[in-house]
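Colleague: I have a structure here, written as structure tokens, and I will follow up with some questions on it.
The values are calculated or read from the model by the stated rules, or taken from the named source; none is laboratory data. None of these values were measured; they are calculated from a predicted model. A quick note on method: Cβ atoms are made from the backbone with ideal geometry, for glycine too, and the neighbour counts reach across all protein chains shown. For the accessible areas, the whole protein counts, side chains as well, though only heavy atoms, and no ligand, DNA or RNA atoms are used. Shrake-Rupley method; radii C 1.70, N 1.55, O 1.52, S 1.80 Å.
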Amino acid sequence: MQKFLIKILLSFILTFNNANANNNAFDFNFEADNGKTINLADYKGKLILVINTPSLCGFNRDFLQLDQIAQDYQNRGLVIIAIPVEKQSHNFTTNMCVDSSTVNYFITKSIALHKGKHLEDHPFFKWAKTETPDDNNANKYLISPFGEIIASFNDTARVGSHEIIKKIEENLPPKQ
């Protein structure tokens, strides 16, 4: 009986420690489309918008709107990281309609959602789901300058929507 209780206690401790291994967004990184690493910790003190969006040309407007938002707010401390999502096994470069060297935000390598893979398989999105349990369909996250999720948005909130822009403006310093 004593061994059984010790096993349960150890299991609980290990589970608790693993669940809290990542305390905030600054514990994560993404691989950029150019192969470099995007460490979120490099942007402490900045407001970060992490967004995943399909990379097919039909969603090109999302990438163009992101560029406009980046131009409008980067001088006030906004950093945008776009994660292209594929439902096929090929790399996003075959379907991507935006050249990452010409935009004012980061584009990561695509996340392929095929053969049973899910967005939540990426450590950042797995963590984000635990931080926003009420929003099961979130695919856009606004991260505070301290690394906490301050807002999450689902597919119904378009990239340039009033809802997203309002949250960005509420959390940036005023214009100089």
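Colleague: Would you tally the residues in region 22-54 being in contact (Cβ under 8 Å) with a residue 24 or more places away in the chain and touching a Ser or Thr at 6+ places or on another chain (Cβ under 8 Å)?
Modeller: Going through region 22-54 one residue at a time, the tally reaches 7.
Colleague: For Val50, all conditions in the list (1) at pLDDT 90 or above; (2) under 15 Å from the mean Cα position of the chain (by Cα); (3) not in a strand (DSSP E or B) hold save one; what is the number of the exception?
Modeller: All conditions are met except number (3).
Colleague: Take the conditions within 18 Å of the chain's Cα centre (by Cα) and either loosely packed, with under 13 Cβ neighbours inside 10 Å or modelled with pLDDT under 90 (or both) and apply them to Gly58. Does it pass?
Modeller: no
Colleague: On the basis of being touching a Phe, Trp or Tyr at 6+ places or on another chain (Cβ under 6 Å), surrounded by 15 or more Cβ atoms within 10 Å (Cβ to Cβ) and modelled with pLDDT of 85 or more, does Ile69 make the cut?
Modeller: No; evaluated as a whole, the condition is false for this residue.
Colleague: Please count how many residues of region 124-176 are open to solvent by less than 10 Å² (accessible area, probe 1.4 Å), under 14 Å from Asn52 (Cα atoms) and part of a loop (DSSP other than H, G, I, E, B).
Modeller: Adding up the residues that qualify gives 2.
Colleague: Assess whether Asn24 counts as being at pLDDT 90 or above and surrounded by 10 or more Cβ atoms within 10 Å (Cβ to Cβ).
Modeller: yes
Colleague: Could you look through region 27-55, keep only residues that are under 25 Å from Lys167 (Cβ atoms) and of a type in the set (Ser, Thr, Tyr), and pick out the one that is most open to solvent (accessible area, probe 1.4 Å)?
Modeller: Restricting to residues being under 25 Å from Lys167 (Cβ atoms) and of a type in the set (Ser, Thr, Tyr), the top hit is Tyr43.
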